[in-house]
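Here the structure comes first, spelled out in structure tokens, and everything after it is commentary.
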Amino acid sequence: MASLKEKIEVVKRIFPEGDTAIIAALHEVQNEYGYLHPEGVKLISEVLGYPEDWIMSVASFYHMFHKEKVGKYHIYLCTNLSCMMAGAYEILKFLKENVKDEKEFTYEEVECIGLCDGAPAALINGTPITNLTVEKMGEILREPEKFVQKQEGTYYDLKDLYD
Ligand code: FES
């Protein structure tokens, strides 16, 4: 299995010009640690040659990068219009009352995630979950592995295309 450094080196090969590689490298770090771990940011700095502060300032523009550690399962609950009208706030209330272990679960409200036809909707570690109900969220908190798929595929998987 490739090290994080090897993955970032592949990113550099894919995006050799300018600072375009930073975003892709940040994705690799978040895939590795679940958030932008300082060690991962340091590696980006070493491989791509940008100061760590600069890399974090780029990350600060993007909501989907976690600057702090999040739970093993991180829930983006949409509370935008379609989801709000379909009951997202009941689900949010349920999460507030029932999420106790922040090592296991963390959550945050987000704007539309493009799943309005399945409102209310959420993304959990990248897995789209639609037609949420309080009952369904209860099941997810009890047995998240039944609902959340491991996200496969990173820039590293494209390495053979850039040799
Ligand atoms: S409004 Fe919730 S997914 Fe679009």
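Values in this text are rule-based calculations from the coordinates and carry no lab data. These numbers come from a predicted model, not from an experiment. Using ideal geometry, Cβ is built from the backbone for each residue, glycine included, and neighbour counts are taken over all protein chains shown.
A few notes on this one:
- Qualifying residue in the range 58-81 (condition: more than 24 Å from Glu28 (Cβ to Cβ), among the small types (Gly, Ala, Ser) and not in a loop (DSSP other than H, G, I, E, B)): no
- If you go through the range 81-93 and keep only what is in contact with a helix residue (DSSP H, G or I) (Cβ under 7 Å, 6 or more places away or on another chain) and near the ligand (Cβ under 7 Å from one of its atoms), you end up with just Ser82.
- Matching residues, the range 144-153, being surrounded by 18 or more Cβ atoms within 10 Å (Cβ to Cβ) and either among the β-branched types (Val, Ile, Thr) or not in a helix (DSSP H, G or I) (or both): Val148
- The set of residues in the range 35-78 being within 16 Å of the ligand (Cβ to nearest atom) and crowded, with 17+ Cβ neighbours inside 10 Å consists of Ile75, Tyr76, Leu77, Cys78.
- Condition check for Lys96: outside any helix (DSSP H, G or I), more than 16 Å from the ligand (Cβ to nearest atom) and surrounded by fewer than 19 Cβ atoms within 10 Å (Cβ to Cβ): no
- The single condition from (1) touching an Asp or Glu at 6+ places or on another chain (Cβ under 8 Å); (2) within 16 Å of the ligand (Cβ to nearest atom); (3) in a loop (DSSP other than H, G, I, E, B) that Cys112 fails is (1).
- Unique residue being outside any strand (DSSP E or B), within 15 Å of the ligand (Cβ to nearest atom) and touching a residue at least 40 places away in the same chain (Cβ under 8 Å) when the list is Leu141, Leu158, Leu123, Leu132: Leu132
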